[in-house]
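Below is one structure, written out as structure tokens; the observations come after it.
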Amino acid sequence: QLLSEFKLLTEAEQTQLLVEWNGVEAEYPRDKCIHHLFEMQVEKNPDAIAVVFEEKQLTYRELNGKANGLAHYLRAQGIGPDVLVGICVERSLEMIIGILGILKAGGAYLPIDPSYPKERIIFMIENTRPAVILVHEPTHDVVPGCLRIIDLSAECCNFEQVNGENPAYVIHAQNLAYVIYTSGSTGKPKGSGLAHQGIVNR
């Protein structure tokens, strides 16, 4: 008997494996953005720990306040729907504040790994032309100096003084959430944009 014709499963087992166990469709909030869901958690659990990094931690309320301040600051810099903001920050609380702040401002974030070769970083920046790039003290010299840069290590503590309230919504679930680049193993890396709805679905 040919291997391609050999049946490992009965019809019932095959139906169970391919159909019944793959019934993963579920309802989800199609009209919400990532930061909307986060704000719902802030309302439910304001004093719960939201993020921990090494010896530092932030509650949902604290993280939300810092991200809101950054969001208002970014909006004042012209960041809005589908505007790309680079974030070249090592793993830290500031990275989470930065990503959330960009989303709350209505922008989309472009993650730039500071360990990337300089040529790749320059290519990504030239290819996407982000309106501004967020950095943290250790990554300040990684990005070209001619760009608009916001140093979170210098300014993050002051953002809450700008405005700690949730910004008014300016985007919808179909707006861009972030752009991520491929490895570039088959040539030049390419950016792929993902909308909020796709992430919320996951």
Looking only at helices (runs of 4 or more DSSP H) that lie completely in the range 1-112, which have at least 1 residues being more than 30 Å from Thr128 (Cα to Cα)?
11-18, 34-44, 60-76
Which number in (1) within 19 Å of Ala177 (Cβ to Cβ); (2) at pLDDT below 90; (3) of a type in the set (D, E, K, R) marks the one condition that Glu5 misses?
(1)
Which residue pairs have Cβ atoms closer than 9 Å, lie 6 or more positions apart in sequence or on different chains, and pair a first residue in the range 118-138 that is open to solvent by 10 Å² or more (accessible area, probe 1.4 Å) with a second residue that is among the basic types (Lys, Arg) and in a loop (DSSP other than H, G, I, E, B)?
Phe123/Lys188; Asn127/Lys188; Asn127/Lys190; Pro130/Arg148; Ala131/Arg148
Given (1) in contact with a His (Cβ under 6 Å, 6 or more places away or on another chain); (2) over 16 Å from Ala168 (Cα atoms), identify the lone condition not met by Glu54.
(1)
When Ile34 is run through (1) under 18 Å from Ala108 (Cβ atoms); (2) loosely packed, with under 11 Cβ neighbours inside 10 Å; (3) among the β-branched types (Val, Ile, Thr), the failure sits at (2)
Identify, from the list Ala195, Ala131, Ala177, the residue that is small (Gly, Ala, Ser), in contact with a helix residue (DSSP H, G or I) (Cβ under 6 Å, 6 or more places away or on another chain) and at pLDDT 90 or above.
Ala177
First in the range 170-182 and within 13 Å of Arg30 (Cα to Cα) and in contact (Cβ under 8 Å) with a residue 24 or more places away in the chain, second anywhere and assigned to a strand (DSSP E or B) and of a type outside the set (Val, Ile, Thr), Cβ under 8 Å, 6 or more apart
Ala173/Ala195; Asn175/Ala108; Asn175/Ala195
Looking only at residues that are more than 15 Å from Leu74 (Cβ to Cβ) and of a type in the set (Gly, Ala, Ser) in the range 90-117, which one is surrounded by the most Cβ atoms within 10 Å (Cβ to Cβ)?
Ser92
Output the residues belonging to the range 72-82 that are aliphatic (A, V, I, L, M) and buried (at least 20 other Cβ atoms within 10 Å of the Cβ).
Leu74, Ile79
Is it the case that Glu62 is exposed (fewer than 12 other Cβ atoms within 10 Å of the Cβ) and either at pLDDT below 95 or touching a strand residue (DSSP E or B) at 6+ places or on another chain (Cβ under 7 Å) (or both)?
no
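The values are calculated or read from the model by the stated rules, or taken from the named source; none is laboratory data. The structure displayed is predicted, hence computed values, not measured ones. We place every Cβ from the backbone using ideal geometry, glycine too, and count neighbours over all the protein chains shown. We work out accessible area using only protein heavy atoms, side chains counted, and drop any ligands, DNA or RNA first. Shrake-Rupley method; radii C 1.70, N 1.55, O 1.52, S 1.80 Å.
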